[in-house]
Structures are given as C-alpha cells and as structure tokens.
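Note sheet for the following structure.
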Amino acid sequence: MSALTDTLAARTALTDPQVDHIARLVGEWQLLADLAFADLLLWVPIAVPSAEAGSEPAFLCVAQCRPTTGPTAYQHDQVGVVLRGPRLAALRTAFTEARIFREVDPDWDGDLPIRREAIPVKHGDQVIAVIGRDANLASVRTPSQLELVYLQSAADLAGMIADGTFPAPDTTEEGTGPRAGDGLVRLEPDGTIIYASPNALSAFNRLGVTGNILSEPIDALTSTVADDPFDASDLAAAVADAVDGGHPSSTEVEGGGAVILFRALPLRPRGETLGALLLMQDVTELRSRDRQILSKDATIREIHHRVKNNLQTVAALLRLQARRVSVPEARAALEESMRRVQSIALVHETLSVSIDESVDFDEIVDRLLGMLSDVMGSGSRVRVQRKGSFGEIPAEAATALVLVLTELVQNAIEHAFPEERDGTVSVVAERIRGQLTVQIVDDGVGLTADFPVERGDRLGLQIVRTLVSAELNGTVEFERSADTGGTRATAVIPVGRRAHVGG
C-alpha cells in the first residue's frame, strides 16, 4: 500500500483520513471486482496545466483490480493513465453529483465492448475519488442464478461505497480473507438464507450440514456428525453483529473434522438494511499446519528450557569446584567459566518462553548486569547500569553478544576499580539504521601502559575479539574515556535484516 499512499500524497490534496479510507477500499475491492465480473480502476482528480486539459481537473488512475471470475477488460495496466476525452464525462458526473453513473451503451475499445460505470467514493460528506467499473462484454450470455446474485451483491456494495459506508472504518482485512469464489451465502436481515453458492454448500457439507438450507435461519443449521458436531451459534452471532453494527465480522467454526472461516459483510446501500453477505473459506489444512508449527515451537522452547537447566547445573558444578581449589589462579579461572556459562543460560531461558526468532535483549542485559554485580561481590562499590536500548536481537546472535558483554563488563569491574575505589560501569547501547553500537564505559583507573589493546594475551579479550569479528561480523576497540577518565570499549555490530551473522 505504500506506493498508493505515496502517489496520493504527491499528486492529490487528500487528507490522511481520506487516504486511509482509500487504502481500506483498495484492500477490500477484490470482492467487488469478483462479484461484478469487472475491472475496477481507482481515479482521483488532479490538477494539470490548462494547456493540456482546460480549466477543469483531469483524473489519474492510481490503482487497478482485475476480476478472478471473468475476463479482464484491459490487457495492460491502467495505473498512471491520466484520463481525457469523452470518457472523462462519466467520472466527472459521478464526482460532482455524488451518484453512480452508468453509460447506456457499451464503449468499444478496439474489438472489445466494455460496459462502463462510475462509482463515487465518498468519505464523510465529500466525494474523494471515483471507481471505474469496466466490464468486458465480449462473452455475454444469459446469466445464471449465481451470477445474478453476484451482480446484485456488487450493486449493493457499490451503493455503500457511494454512501461512504463501505469499507467500514474498523475494517482490518486486506484481501487475505475468504473470496467470493470460495463460497458465498446471501442472508436476509433476520439471518434467513436466501442463496448459497455451490462452493458454500460444499463447505457446509464438510461441517456436516446436509440437506436443503435455503429459507433456513442460519442459527437453525444442524450437523449430522455426532462425534464432532457443528455449532451454528457463533456463526449466527457474527451475522447478527455484522447486520446490527454495520461492520464486517469474522469467525471460525469447527465441525466434522473441518475448519471453515466465515466473514459476514452487512448490505446497507442507501441506508436500507438488506441483510448480509456471508463469505466462507475452508482453512482446515491451514489450521492443521498452524498446530504443527505450534507443536514444533513448543518442542523448541522445551529444548531451550532443558539446555538452560543443564547449563545452570554446569555452572553450579564449576562453583563447587572453585570452592575446593586452593590455587587462586585456578579458582579465578573456574569462576570466570562459571559466569560465562550462566550468561549463556540467560539467553536460553529467554528463548524458552518466546516463539519469535529474536529476543528482547534489554531484558537479558538487565539480568546479566545484576548477576555479574552479585557474583563478583562488587554491588556495594561498583554500580552497573544500562543506558539506551538494544531492541530485538536475532536469536542466533544473542548468545555471542551476551558473552561479549559478560567479558567486557566483568573485565571493567575486576580491573578498573581497586578494592578501595568506588565507581560506575555503564553499558550504553545505540541502534541506528541497522547498526548496533555498544559502549562499556567505566570511571575507573583507566588503561595501563602495558594493556594488550592490539594483542590477545588474555583469554577474555581473545573471546571478545573472536566473537565480535567471526560470529557478529563487527569490530571492537578500546580507548581511554575522555569523559570519565576510565576505559571505553566500543563494539559496532550490524543487526539489520540482511546482516551476516555466524561467520
């Protein structure tokens, strides 16, 4: 829809609510095209130089919809065409007089006879555009009952467009719901069925509803399947809600092993309540796939949960081992390993309660900083804080990034503040245009002359450089902070949709 709204913003003086109404209309108008067996062209008035079209505005085609139920009237798209000449009169009449204008005789476009109709698009009390309803009459024949119902329903919807009542302001569907060809039922205002298409009858049969349903109230339909009966109460409530509220209403009904999606559209042309259209679509296979996906997601979450538990067990074993080691260097190494394992466990814990492919990294960082402050015994002396937001981080990058933060924050707490010194370690995150910049800044003693900035003698620094470059495809630098006098470690990591993660 962005191309349409951009065009409307550039070429017209329509307000945002008017553009939104047109966007909703274009999201819904495939139904009208199918019911009318016609192409729909959306025309908006534009100002053109007087030398080209006189003093009156011309009309620009900004969108087109072809029918799936009949032949198109146009071999080539009409989007971008500026209308002039004899055809302009019908659009101008519909636009200025706010009424549907239908030409008496077909208009010949080469060897194709085309029946043209102009439908004003009304928003509030103002006509803001015109829909050209152009039907190819090359294969005209005596219409069947289905075609007559389609055409009458199309006329009712066209009347609602001219009234400004279709689509409704709370419409959320955008061409993704049931279509006319999937199954169509026309109902009276009281819910009595007056027509059901063959595909609609087939859908009802899959629910276990058999026999003649014409002239039956929708809430009286019953199922012949004893072990999985069809309950019509939700469907009847959706129809009543649509008719009474004047807005579309959707519901899914299960029965007979099938799942049918129903969508009720009120028919209220010229303020007269004529009933409703009930569109239906068999979504049994789609819902089955959804359940399979949910089952797989649940399995994946359970795996993350078990990995988290195992990692916590490993961390506990490392803690126990560290307490029994008398060599200070060995104890420190075990404690560092314990913190690394715990930080990885945080990521798996977050993934175990999420079905997304990304994680809210701010929550992980906040828990990580609290954990590091506690296990290193620096909570009373060194304050650790987060500034800015990491946002959503892809799951495959989360583990590497949390290990990098663990090493950098742990290094700052351990080396920047001697036992007699207090201070602050800040984790500053900034995300701009697909790039995440993370700074770990302390106000401690700063870098010493022998700090290995360029070489990787220390294991923690080797881990950081390897993960940032190989796993996160980023860079990391260390420098003295001009603001705090301490140390600033800066990691720049691509986090856009197309960023390469994983080396």
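The values are calculated or read from the model by the stated rules, or taken from the named source; none is laboratory data. Note that the structure is predicted; figures quoted are calculated from it, not measured. Positions of Cβ are backbone-derived with ideal geometry, glycine not excepted, and every protein chain shown enters the neighbour counts. Surface areas here come from the heavy atoms of the whole protein model, side chains and all, with no ligands, DNA or RNA. Shrake-Rupley method; radii C 1.70, N 1.55, O 1.52, S 1.80 Å.
Details
- Dmax and Rg, reported as Rg then Dmax, of region 301-342 (C-alpha, Å): 11.9, 40
- Rounded to the nearest 20 debye, dipole of the chain from Cβ charges on Lys, Arg, Asp, Glu: 1120 debye
- Panel values: region 106-190, Kirkwood radius from alpha carbon pairs, Stokes-Einstein at 10 °C and 1.306 mPa s, translational diffusion coefficient 104 µm²/s.
- Heavy-atom surface of the chain, accessible at 1.4 Å and reported per residue (Å²): 49 Å²
- 16 Å reach of a label modelled at Asp6, 7 Å along Cα-to-Cβ, counting backbone N of region 57-83: 62-63, 80
- Computed about the Cα centre, the dipole magnitude for region 228-310 is approximately 500 debye when only Lys and Arg (+1) and Asp and Glu (-1) carry charge, each at its Cβ.
- Once the Cα gyration tensor of region 183-311 is diagonalised, semi-axes √(5λ) in Å: 36, 18, 11
- Taken about its Cα centre, region 250-297 carries a charge dipole of roughly 140 debye when the Cβ of each Lys and Arg holds +1 and the Cβ of each Asp and Glu holds -1.
- Candidate aspartates and glutamates - alpha carbon under 14 Å from Lys122, same-chain residues fewer than 8 apart omitted: Asp20, Glu97, Asp163
- For the chain, the carbon plus sulfur part of the accessible surface works out to 50%, probe radius 1.4 Å.
- Here, region 191-241 is characterised by an Rg to Rh ratio of 0.94, where Rg is the alpha-carbon radius of gyration and Rh the Kirkwood radius.
- Given their separation in residues at 0.36 nm each and the Cα-Cα distance between them, Ala237 and Asp125 gain 37.2 nm when the chain is fully extended.
- Computed label-point distance, nm, for sites Arg465 and Val225 using a 7 Å Cα→Cβ extension: 6.5 nm
- Restricting the calculation to Cα atoms, every distinct pair contributes to the Kirkwood radius of region 8-151, found to be 15.8 Å.
- P(r) weight above 16 Å for region 230-289, C-alpha pairs, percent: 46 percent
- Helical content alone sets the calculated 222 nm signal of the chain at -12500 deg cm²/dmol, taking -39,500 (n - 2.57) per DSSP H segment of four or more residues and averaging over every residue.
- Given charges at Cβ of Lys, Arg, Asp, Glu: region 277-412 dipole, positive-most of Ala332, Val283, Phe361: Ala332
- Alpha carbon Rg of the chain, scaled by the compact-globule rule 2.2 N^0.38 Å: 1.42
- Ordering Ala236, Leu408, Val445 by Cα displacement along the dipole of the chain toward the positive end leaves Val445 in first place; charges were set at the Cβ atoms of Lys, Arg (+1) and Asp, Glu (-1).
- Equivalent ellipsoid dimensions for region 358-430 as semi-axes, Å, which come from the Cα gyration tensor, largest first: 24, 11, 10
- Hydrodynamic radius of region 113-251 per Kirkwood, over alpha carbon pairs, in Å: 17.3 Å
- Taking 21 Å as the straight-line reach from the Cα of Lys308, the lysines in range (excluding those fewer than 8 positions away in the same chain) are Lys296.
- Computed log₁₀ I(q)/I(0) - Debye formula, equal Cα scatterers, no solvent, region 64-118, q 0.18 Å⁻¹: -0.74
- In summary, the aspartates and glutamates within cross-link reach of Lys387, defined as a Cα separation below 14 angstrom excluding same-chain residues under 8 places away, comprise Asp362, Glu363, Asp366, Glu430, Asp442.
- With the alpha-carbon atoms of region 241-368 aligned to their principal axes, the span from lowest to highest coordinate is 89, 33, 17 Å, starting with the largest.
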